[in-house]
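Working notes, beginning with the structure itself.
The values are calculated or read from the model by the stated rules, or taken from the named source; none is laboratory data. Source: prediction; values computed, not measured. Methodologically, a virtual Cβ is constructed for each residue, glycine included, from the backbone with ideal geometry; neighbour enumeration extends over all protein chains shown. For the accessible areas, the whole protein counts, side chains as well, though only heavy atoms, and no ligand, DNA or RNA atoms are used. Shrake-Rupley method; radii C 1.70, N 1.55, O 1.52, S 1.80 Å.
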Amino acid sequence: MQLIEGKVVAAAIRANIKERLASLKAQGANVGLAVILVGNDPASEVYVRNKIKACEEVGMNSRLVRLPEDSSFDDVASAIRALNEDPDITGMILQLPLPAGLSEEKLIDLISPEKDVDGCTVVQKGRLWTGRDSLVACTPLGVIRLLEHYEIPLAGKSAVVIGRSNLVGKPLAQLLLNKNCTVTICHSRTRNLAEVARGADILCVAIGKAKFVTADMVKEGAVVIDVGMDRDENGKLCGDVDFAGVSDKCSYITPVPGGVGPMTVAMLIENTLTAYCLQNGIKLD
Ligand code: NAP
């Protein structure tokens, strides 16, 4: 079994972004990421801090827009509209989840697709589904980059994605389809889930249930990608896959932590750079 070391791959990607950004800045480029954080969700505070820190490390401008827990729809909408118009801001993300009562869907709809660096607007999702250049949700994009980095063959392979969220499962399935996998998407109503999962050459799990996927659900030699970020019975960070049991059976596996997680932040920074290039007609590498 080979470990897929997202932490190492993400560090290399960030170093590459730093170089590309430095050369763009030398030509006068102004690249900036804005993060809107509404309320005081402790997990979101950590994620946002990591995103801002990652910007600083590569020399990218960043702006944290903090709004109080009791913000109205109009308060958040105004912040999004202001960032849409702001020439210093290349990309923005609205940190989810939002406090109860605020419609994520309606607020995401207000983000300018050109600045949608988490690929969450209907326009960017439509571009992905129709095979056009698009800004793709960071976590699924990070998964594909890991598979590419380890040169794992995808064309013609059977890929099973467990989880169908708009943020992870659905775009990941589409990306795998674009790579010519034969894709099955599973969810909470899937019958015979273990049997379907056992058919996977590439098994991706994004459900949010600690150690849910056990060895009996995995084909010998499968590639296992664990997107989950959960807590085990002792409060320790773990994934949706029972790593100890599954790692003996598969050919590759992502650890949690240190697998998919670090790629998400690296892809956010990369997407911001990509957005800058698309906005300014600069050819992408
Ligand atoms: P989500 O929006 O809650 O979606 C969970 C999906 O899993 C749903 O489609 C649900 O099915 C499915 N599901 C739940 N229980 C299931 C079961 N017993 N059998 C089969 N399918 C089941 O979650 P998400 O945002 O996609 O996140 C999933 C996990 O990834 C979480 O642990 C999250 O923390 C993690 N995550 C990690 C990163 C990262 O950077 N590493 C980024 C994002 C998310 P239904 O649609 O039928 O309800």
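Observations
- Look at (1) farther than 23 Å from Leu237 by Cβ; (2) in a helix (DSSP H, G or I) and you find that Leu135 fails only one, number (2).
- Exactly one residue out of Gly142, Gly91 is touching a residue at least 60 places away in the same chain (Cβ under 8 Å) and within 16 Å of the ligand (Cβ to nearest atom): that is Gly142.
- Among residues of region 148-167 being touching a residue at least 40 places away in the same chain (Cβ under 8 Å), more than 15 Å from the ligand (Cβ to nearest atom) and over 10 Å from Met263 (Cβ atoms), the one that is least open to solvent (accessible area, probe 1.4 Å) is Ala159.
- The lone exception for Pro113 - which of (1) within 20 Å of Gln279 (Cβ to Cβ); (2) crowded, with 21+ Cβ neighbours inside 10 Å it fails: (2)
- Residues being touching a Cys at 6+ places or on another chain (Cβ under 9 Å), β-branched (Val, Ile, Thr) and open to solvent by 10 Å² or more (accessible area, probe 1.4 Å) - total across region 116-147: 0
- Considered as a group, the residues in region 105-126 that are without any contact (Cβ under 8 Å) to a residue 24 or more places away in the chain and under 12 Å from Ile80 (Cβ atoms) include one that is nearest to the chain's Cα centre (by Cα), and that residue is Thr121.
- Given (1) free of Cβ contacts under 8 Å to residues at least 60 places away in the same chain; (2) touching an Asp or Glu at 6+ places or on another chain (Cβ under 9 Å); (3) open to solvent by less than 10 Å² (accessible area, probe 1.4 Å), index of the condition Ile207 fails: (3)
- Any hit, region 63-81, residues being surrounded by 18 or more Cβ atoms within 10 Å (Cβ to Cβ), under 20 Å from Leu278 (Cβ atoms), in contact with a strand residue (DSSP E or B) (Cβ under 6 Å, 6 or more places away or on another chain) and in contact (Cβ under 8 Å) with a residue 12 or more places away in the chain: no
- Tabulated pairs, region 1-28, first within 10 Å of Ile269 (Cβ to Cβ), second open to solvent by 60 Å² or more (accessible area, probe 1.4 Å), C-beta under 7 angstrom, 6+ apart or interchain: Arg14/Glu57
- The single condition from (1) open to solvent by 20 Å² or more (accessible area, probe 1.4 Å); (2) modelled with pLDDT of 95 or more; (3) more than 10 Å from the ligand (Cβ to nearest atom) that Lys283 fails is (2).
- Of the residues making up region 168-199, just one is more than 8 Å from the ligand (Cβ to nearest atom), touching a Lys or Arg at 6+ places or on another chain (Cβ under 6 Å) and open to solvent by less than 60 Å² (accessible area, probe 1.4 Å), namely Cys181.
- Some residue of region 86-103 being of a type outside the set (A, V, I, L, M, F, W, C) and in a helix (DSSP H, G or I): no
- Members of region 250-268 that are touching a Phe, Trp or Tyr at 6+ places or on another chain (Cβ under 8 Å), open to solvent by 30 Å² or more (accessible area, probe 1.4 Å) and more than 9 Å from the ligand (Cβ to nearest atom): Tyr252
- Enumeration of residues in region 203-235 that are basic (Lys, Arg) and more than 14 Å from the ligand (Cβ to nearest atom): Lys219
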